[in-house]
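A.B. asks: Okay, here's the structure, questions in a sec.
Every read-out reported here was derived from the displayed coordinates using simple, explicitly stated rules and does not represent laboratory data. If you're wondering where the values come from, they're calculated on a predicted model, not measured in any experiment. Backbone-built Cβ (ideal geometry, glycine too); neighbour counts: all protein chains shown.
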Amino acid sequence: LDRSTRDVELGLEYGTPTMNLAGQSLKFEKGQWVSEAGSFTGDRKELQRLQRRNLVLEEENNLLRLKVDVLLDMLSETTAESHLLEKELEELKQQSQRRK
């Protein structure tokens, strides 16, 4: 038997993994779970509400990422300034000790 026939006859052909979640049938294709066409049995309004909620959450997530980036920039700037001030303070201490 060739490989394809052997796989089918001996049960080595597993097929596409599928699952049913909250009334929606999903299958795993090319590394992602995708909805099978026409499998959504929920209310269309509920689907639209979920899509709007998803969009709002994505926008909020983008805003939070931006805020984290700004805060990291501010922290970097403050740390650099702190190091410069510490260095300047040490130099002033050394000058003060030399004068004594």
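A.B. asks: Over the chain, what is the relative contact order in whole percent, taking alpha-carbon pairs under 8 Å and six or more residues apart?
C.D. replies: Normalised by residue count, the contact order of the chain is 11 percent.
A.B. asks: Give me the one-decimal nm value for the distance between modelled label points at residue 87 and residue 28, 7 Å along each residue's Cα-to-Cβ direction.
C.D. replies: Going by the 7 Å Cα→Cβ label model, 5.4 nm.
A.B. asks: Convex hull over the alpha-carbon atoms of the chain: what's its volume per residue in Å³?
C.D. replies: Measuring per residue, one finds 223 Å³ for the Cα hull of the chain.
A.B. asks: So how tilted is helix 44-99 from the main axis of the chain? Cα-based, degrees 0 to 90, rounded to 10.
C.D. replies: Computed tilt is about 20 degrees.
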